[in-house]
Amino acid sequence: MVKKQKKANKIILKKSFYDLNSVKEALKDFKKVCESNVIIKKNSIEVILKPNKIYLENNLTNEFCNYVLGLMKNKSLV
Amino acid sequence: MGEGNLKIDKKENKVLISINPSIYPLDVIYSASYVFLDKNYVFLDGDIKKRILVELKPKEKYDLKKLGGEFNNELLKYADYKKRSEQTKQVREMIIQRALFTNDPSIINEVNQEEKIDLDDKEFEDPEGIAIPWEEKYGKKTKKSK
């Protein structure tokens, strides 16, 4: 689940549910609002997001997960 | 608090839905999840073979039990949709094929030529003499004199 660190937020996304390309695409789109770091493991993708502004901290990870799912939805429609 | 396949966490304001993937396959779960994206935060987790967990966190205040129930309904809806779309796949393909077939000019020309061949006036054999010309049977009748 979503584990929060001091400032950065860490999300562990399972590869069986989340598409790696969509995660990468989402990270590109989130560049303006946060710094990010990705660790790709065998079965999971670890994403660390550091928001640029404090007020973004609360829902950044949740918004990111939703955004990835949204991208996956768009891909499935094409 | 647990209720069927729902686990409600009031403190975190979220509901955890546990789904058996042998009942609802992953694509059905995705379809149901996409419906909830605009009003909730959706997170997928669990084991793809044993038990899939869907975490729903409403963006605004909402009844968590109701939310979980609505997700279950969506699952059922998409499972049914998937089943029916598989059942009617052949019919849909046939309709599309037919639509494309009827609009292909090369095929239309071929069909027209075949029809022309059939309509050629050729004498046919009538050894019994039972054939009645159409004009004679259905054509305009001459006025009978009173």
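Among the residues of segment A:41-58, what is the count of those that are out of contact with any strand residue (DSSP E or B) (no Cβ under 8 Å at 6 or more places or on another chain) and within 14 Å of A:LEU20 (Cα to Cα)?
The total comes to 2.
Of B:ASP27, B:ASP63, B:ASP47, which residue is acidic (Asp, Glu) and within 22 Å of A:GLY70 (Cβ to Cβ)?
B:ASP27
Of all residues in segment A:27-68, count the ones that are within 13 Å of another protein chain (Cβ to nearest Cβ) and in contact (Cβ under 8 Å) with a residue 24 or more places away in the chain.
The number of residues fulfilling the criteria is 11.
Mind listing whichever residues of segment B:18-66 are closer than 14 Å to B:TYR78 by Cβ and surrounded by fewer than 14 Cβ atoms within 10 Å (Cβ to Cβ)?
B:ILE23, B:ASP27
Within the set of pairs 6+ apart or on separate chains, which have a first residue in segment A:1-26 that is part of a helix (DSSP H, G or I), a second that is at pLDDT below 90 and surrounded by fewer than 16 Cβ atoms within 10 Å (Cβ to Cβ), and C-beta atoms under 7 Å apart?
Filtered contacts from segment A:1-26: A:SER22/A:LYS75.
Quick check on B:SER85: is it in contact with a Lys or Arg (Cβ under 6 Å, 6 or more places away or on another chain) and surrounded by fewer than 18 Cβ atoms within 10 Å (Cβ to Cβ)?
Criteria not met by B:SER85.
Could you list all residues from segment B:1-41 that are touching a helix residue (DSSP H, G or I) at 6+ places or on another chain (Cβ under 7 Å), touching a residue at least 12 places away in the same chain (Cβ under 8 Å) and of a type in the set (Ser, Thr, Tyr)?
Passing the criteria: B:TYR24, B:SER31, B:SER33, B:TYR41.
Tell me, which helices (runs of 4 or more DSSP H) lie completely within segment B:1-110 with 1 or more residues that are among the hydroxyl-bearing types (Ser, Thr, Tyr) and within 14 Å of another protein chain (Cβ to nearest Cβ)?
Per the criteria, B:26-35, B:64-87.
The values are calculated or read from the model by the stated rules, or taken from the named source; none is laboratory data. Because the structure is predicted, anything quoted here is derived from the model rather than measured. Every residue, glycine among them, receives a Cβ derived from its backbone with ideal geometry; neighbour counts consider all protein chains shown.
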